[in-house]
Amino acid sequence: MRWTHISMALALGACATTVPETPATEFDLVEYYRAAEAEIRANGGMRTEYAPADAIFTRQELARNFMRIAMFDEFQTVDGRYVPNESPSNLRKFDRPVRVRVVNGGSTTIAAKNLNTQLVAQYTRRLARITGLDMALANDGERANMVVFFLNKAEQPRMARQLGRYITAPPREVEDAFANSPNDLLCGAFSLSSEPEPDSYTASVILIKSEHSPEQRSACVQEEMAQALGLTNDSALARPSIFNDDEEFAKLTVHDEFLLRILYHPRLRSGMSAAEVRRLLPAIISEIW
């Protein structure tokens, strides 16, 4: 299989001055992420309200945010590596059933494995309800096309070499992103499409760092699984939203549910241009508001 497009969504961590810049060991990374999370919380981040009273938005703002988040790519590949470079795109999403599998690294404790699976299972059911997409955990022996990996730093290079067990012919860029994930990358999602439908996703892989606290792992699950469905960009104007690099919100909000419902509305089709989507948004938002 030849992949024709890779959409990428990354969550980058804000780092406190007390956090070591280049932690060398797994233990150091636990401390590193704990300090980063503490700073985010100290600055008012990691909020969990569904519909906060201090973040009211209008239909016009919702339409603006959808265009910025769904119709732009946040990253591009340059010389086999991902670099920040926002660029316009066609509408992209899954047009087939999504089967989700959780893969834990070998060092993951039983308690953490149970929690990781629970987080993904609950959120999968929620995303299915919101979007109307046929989306569920993969049964034993069933081929998954969305794989959520929970890995520590030592496990990531090994898994990069084994990605072919989970997706067909993984692109070199994705293998490299797994093997050489920088410490300030909290988590990431990679959605793939192939000929002859370059705007219709066929698979996604998601990387979540095992060194995170349960709360941060949950935040990564919520953001990256939603972005893997086609909300690939972030916007500084989107509020209340997890699709904003300011880390103010850690859980899917009412605003974000609207974005997903718009994305998977039957009138929007994979491959639509920005102009086509923009013309349809007022009627769609009036219908679901």
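Every number in this text was worked out from the coordinates using simple rules, so none of it is lab data. Remember, it's a predicted structure, so these values are computed and weren't measured experimentally. Cβ: placed from backbone, ideal geometry, glycine included. Neighbour counts: every protein chain shown.
For segment 161-289, just say rounded, prolate or oblate: build the C-alpha gyration tensor, square-root its eigenvalues into a ≥ b ≥ c, call rounded for a/c under 1.5, and beyond that prolate if a/b exceeds b/c, oblate if not. Oblate is the answer for segment 161-289, as a/c is 1.5 or above yet b/c matches or exceeds a/b. Working note: 222 nm ellipticity from helices only, DSSP H runs with n ≥ 4, each -39,500 (n - 2.57), summed and divided by the residues of the chain, gives -11500 deg cm²/dmol to the nearest 500. Within the straight-line cut-off of under 22 Å between alpha carbons, the lysines reachable from Lys93 are Lys251, sequence neighbours fewer than 8 places apart in one chain being disregarded. Projecting the Cα atoms of Ser270, Leu119, Tyr50 onto the charge dipole of the chain, computed from C-beta unit charges around the Cα centre, puts Ser270 farthest toward the positive end. According to the square roots a ≥ b ≥ c of the eigenvalues of the Cα gyration tensor, what is the shape class of segment 164-240, taking rounded for a/c under 1.5, prolate for a/b larger than b/c otherwise, and oblate for the remainder? It is oblate, given that a/c is not under 1.5 and a/b is not larger than b/c. Tell me, what is the FRET efficiency for Thr168 and Arg267 to the nearest 0.05, using R0 = 41 angstrom and their Cβ-Cβ distance as r? Given R0 = 41 Å and the Cβ-Cβ separation, E is 0.85. The simple Förster model, with R0 at 25 Å and r as the Cβ-Cβ distance, assigns Phe72 and Glu215 a FRET efficiency of 0.30. For segment 44-51, putting each phi into the Karplus relation 6.51 cos²θ - 1.76 cosθ + 1.60 with θ = phi - 60° gives couplings of x, x, 6, 6, 10, 5, 7, 9 Hz, in residue order, rounded to whole numbers and with x for Gly and Pro.
Were the residues from Arg161 through Asp140 laid out at 0.36 nm apart, the gain over their Cα-Cα distance would be 5.3 nm. Evaluating 6.51 cos²θ - 1.76 cosθ + 1.60 at θ = phi - 60° for every residue in segment 102-119, the Karplus couplings come out as 9, 10, 9, x, x, 7, 5, 6, 4, 4, 5, 4, 4, 5, 4, 5, 5, 4 Hz, glycine and proline recorded as x. Full extension of the chain between Ser286 and Gln60 yields a length gain of 80.3 nm, computed as 0.36 nm times the residue separation minus the alpha carbon distance. Relative to the Cα centre, the charge distribution of the chain, modelled as +1 at Lys and Arg Cβ and -1 at Asp and Glu Cβ, gives a dipole magnitude of about 1020 debye. Considering only DSSP beta bridges where both residues belong to the chain, give the percentage that are antiparallel (nearest 5). Just about 60 percent of them are antiparallel.
Applying the criteria of a DSSP loop state and at most 12 other Cβ atoms within 10 Å to the GluC sites (Glu not before Pro) of segment 109-184 yields Glu142. Residue separation of Arg125 and Lys113 scaled by 0.36 nm, minus their Cα-Cα distance, works out to 2.5 nm of gained length.
Computed 3J(HN,Hα) for segment 221-237, one whole-Hz value per residue from the Karplus formula 6.51 cos²θ - 1.76 cosθ + 1.60 where θ = phi - 60°, is 4, 5, 6, 6, 5, 5, 5, 5, 7, x, 8, 8, 10, 10, 9, 5, 8, glycine and proline marked x. The Cα atoms of the chain give a gyration tensor whose axes a ≥ b ≥ c have a/c of 1.5 or more with a/b no greater than b/c, which makes the shape oblate. Protection proxy ranking of 104-116, 28-40, 184-196, by the mean of other Cβ atoms within 10 Å over each peptide's residues and highest first, is 184-196, 28-40, 104-116.
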